[in-house]
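Presented below is the structure to which this report refers.
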Amino acid sequence: MSWSVLKYGGSSVADSQLWGNIQKEITTKMDQGHRPFLVLSALKNVSNLLEALLHQALAGVHSKAIFQLKELHFQFAAELGVNGELILSGDFDELKHHCETIARLQTITPKLHAQVVAMGEILSTRIAVAYFNNVGIDALWLDARDFLIAENQAEHDPWHHYTSNQCNYRAPLTAQLLGLAENQLGITQGFIAADPAGDTVLLGREGSDTSASYFAARLNASQLEIWTDVPGIFSINPRDVSEARQICEISYANATLLSRAGAKVLHPRALAPVQEKNILTYVKSTKYPELSGTLIHNSVAPLTGVIGMAKEEAVTVIKDFSHGESVLSALMIMGFDQIELEYEQDDVVIMSYRNTEQQQPLDEQLARQFSINIDSGQTLITILGSSDDCRWMEDVNRHLASQYGERVCQCLTNKRQGLMSILTAEHFASELLAQLHVGLIQNRQDNTFGYQWNELTQIV
């Protein structure tokens, strides 16, 4: 019996009306001879509420916020026929204890940050296990921290250690090692892991995709399914451009590049484990499970033209960079992440500030401290297309030069990967993005793309 790992995101998990679809998908997998394994995110927006709770605890005004989180989860549990107060009281006691520690110490350490924010996934999976047991599916709650062990880097960079760590995914897992009985459904948390000392660590915001990929690789699953609020990966975020086109299939490498460039449907680290094991990966819509979504695999025909675009706002650009790893390491310890895209222009570094506990340092301060040419607040627009025929890059360059001139700050390219990035002012980015999508993708007539986003909403 082959494993099938299913990950459901916060929008899916938080909608009680969609749990019938989730249950149906689980039973279908069982009927087809698969052994499903479920990875869940926190309820939608709960991670944000928990990050806000950290600062409320620092000010000693966390009691009301905890009460509101209780009400949110108790109400949701009730909609699923579950007694939330009965199954969640111990977890809320733990959350209260962490908040009292922050109030007493008058500091939010990275370790406490991880302990508090991890509670969202703990709570959602408790409810899920109770729900499935109520509807007749034997389910077992599994603590992801017992199975996903993160790398130990706390001494050098505690912020990334506790909030954006990575795990080994090559050690095999079996039902016996998980403690699952025959035909029992395993349910665990996305986003969280433990370090070698047993401390809770996080895998980066939206890191539940990566958790699911870790489990899929370690279980040697036949497939991984990422269930979300959109039916697949689109040529651009449909919330930015309603004419975004559904991508029918895409390679692991190109899907990873889009996610690194800012596409939000997948976490940038999500695909390496399944790519290594060549595990078929599907991105589908929980609300519209009948739609085919996007298939991610290795056997994809070479690209013709452009397949997708992504946007990353508020990036920090370092030009004429020649300082080496020591400066980059220092910036990362401050809370910056390097955007992992490679360009032929190797003297440019692009970073994004992720530390939610500290204000971003001013450019002037960093320029003096490290003697670097730094500029924050730009938007990075990235276009991904054919690496075999890069004439599309020439077309884009001509279009930018004739229409936009100085409003484009810089163009960066990697012809080997079929990658082109444009740095521009934030106030101009949305207009440029939409116009590039019209010219490069919107009216393409080939098998690369399925429906437009605005057409899908009418079909279903």
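The values are calculated or read from the model by the stated rules, or taken from the named source; none is laboratory data. Treat the numbers as computed from the prediction; the structure is a model and nothing was measured. Backbone-built Cβ (ideal geometry, glycine too); neighbour counts: all protein chains shown.
Residues checked against (1) touching a Gly at 6+ places or on another chain (Cβ under 9 Å); (2) at pLDDT 95 or above:
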{"site": "N278", "(1), (2)": "no, yes"}
{"site": "V283", "(1), (2)": "yes, yes"}
{"site": "A310", "(1), (2)": "yes, yes"}
{"site": "V315", "(1), (2)": "yes, yes"}
{"site": "I318", "(1), (2)": "no, no"}
{"site": "E325", "(1), (2)": "no, no"}
{"site": "D346", "(1), (2)": "no, no"}
{"site": "N355", "(1), (2)": "yes, no"}
{"site": "Q358", "(1), (2)": "yes, no"}
| field | Lone unmet requirement of (1) farther than 14 Å from S16 by Cα; (2) within 27 Å of the chain's Cα centre (by Cα); (3) surrounded by fewer than 14 Cβ atoms within 10 Å (Cβ to Cβ) for Q75 | value | (1)
| said: If V315 meets every condition in (1) within 28 Å of A221 (Cβ to Cβ); (2) touching a residue at least 40 places away in the same chain (Cβ under 8 Å) apart from one, which number is that one? | reply: (1)
| remark: Log entry, pairs with first residue in region 178-192 being assigned by TED's automatic domain parsing to the domain that holds T27, second being among the small types (G, A, S) and assigned to a loop (DSSP other than H, G, I, E, B), beta carbons closer than 6 Å, six or more apart or on different chains, reads G190/S41; F191/G207; I192/A118
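Here is a yes/no grid of residues against (1) assigned by TED's automatic domain parsing to the domain that holds Q223; (2) buried (at least 19 other Cβ atoms within 10 Å of the Cβ); (3) under 29 Å from Q223 (Cβ atoms):
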{"site": "I26", "(1), (2), (3)": "yes, yes, yes"}
{"site": "G33", "(1), (2), (3)": "yes, no, yes"}
{"site": "L38", "(1), (2), (3)": "yes, yes, yes"}
{"site": "S47", "(1), (2), (3)": "yes, yes, yes"}
{"site": "H55", "(1), (2), (3)": "yes, no, no"}
{"site": "G90", "(1), (2), (3)": "yes, no, no"}
| Sole residue being small (G, A, S) and assigned to a helix (DSSP H, G or I), chosen from A263, A197, A212, A270 | A212
| said: Looking at (1) farther than 27 Å from T109 by Cα; (2) in contact with a Cys (Cβ under 9 Å, 6 or more places away or on another chain); (3) of a type outside the set (A, V, I, L, M, F, W, C), which one does P238 not meet, given that it meets all the others? | reply: (2)
| request: Starting from residues that are touching a residue at least 60 places away in the same chain (Cβ under 8 Å) and in a loop (DSSP other than H, G, I, E, B), keep the ones in region 22-64 and report whichever is farthest from S208 (Cα to Cα). | output: L43
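Over 21 Å from E121 (Cβ atoms) and in contact (Cβ under 8 Å) with a residue 12 or more places away in the chain - does that describe any residue in region 199-209? Even if it seems obvious, please write down each step before you answer.
Of region 199-209, the ones over 21 Å from E121 (Cβ atoms) are none.
No, because not a single residue in region 199-209 is over 21 Å from E121 (Cβ atoms) and in contact (Cβ under 8 Å) with a residue 12 or more places away in the chain.
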| request: Select from region 273-311 the residues that are more than 18 Å from the chain's Cα centre (by Cα) and assigned to a strand (DSSP E or B) and list them in ascending order. | output: L280, H297, V306, I307
| What number of residues in region 100-113 are over 14 Å from H62 (Cα atoms) and buried (at least 23 other Cβ atoms within 10 Å of the Cβ)? | 1
| remark: E206 fails exactly one of (1) closer than 22 Å to A118 by Cβ; (2) within 18 Å of the chain's Cα centre (by Cα); (3) buried (at least 22 other Cβ atoms within 10 Å of the Cβ); (4) not β-branched (V, I, T), namely (3)
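Only strands (runs of 3 or more DSSP E) wholly contained in region 346-423 count here; list those with 2 or more residues that are surrounded by fewer than 18 Cβ atoms within 10 Å (Cβ to Cβ) and either out of contact with any helix residue (DSSP H, G or I) (no Cβ under 9 Å at 6 or more places or on another chain) or of a type in the set (S, T, Y) (or both). Before you say what the answer is, go through the steps one by one.
Details: elements: 349-353, 373-385, 408-414.
Ranges flagged: 408-414.
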| message | Could you check region 312-341 and list, in sequence order, the residues that are within 20 Å of the chain's Cα centre (by Cα), closer than 18 Å to W159 by Cβ and of a type outside the set (A, V, I, L, M)? | response | G335, F336, D337, Q338, E340
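In this structure, is E312 among the acidic types (D, E) and either crowded, with 24+ Cβ neighbours inside 10 Å or under 20 Å from I339 (Cβ atoms) (or both)?
Working: among the acidic types (D, E): yes; either crowded, with 24+ Cβ neighbours inside 10 Å or under 20 Å from I339 (Cβ atoms) (or both): yes.
For E312, the condition - among the acidic types (D, E) and either crowded, with 24+ Cβ neighbours inside 10 Å or under 20 Å from I339 (Cβ atoms) (or both) - is met.
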| message | Pairs needed: first member in region 227-245, part of a strand (DSSP E or B); second member anywhere, charged (D, E, K, R); C-beta distance under 6 Å; at least 6 residues apart or different chains. | response | W227/K284
| task | Could you please tell me which pairs satisfy a Cβ distance under 6 Å, a separation of 6+ or placement on different chains, a first residue in region 408-427 that is over 16 Å from T256 (Cα atoms), and a second residue that is of a type in the set (A, V, I, L, M, F, W, C) and part of a loop (DSSP other than H, G, I, E, B)? | result | K415/C390
| request: Would you check which residues across region 140-179 are among the hydrophobic types (A, V, I, L, M, F, W, C), buried (at least 20 other Cβ atoms within 10 Å of the Cβ) and in a helix (DSSP H, G or I) and list them? | output: A144, W159
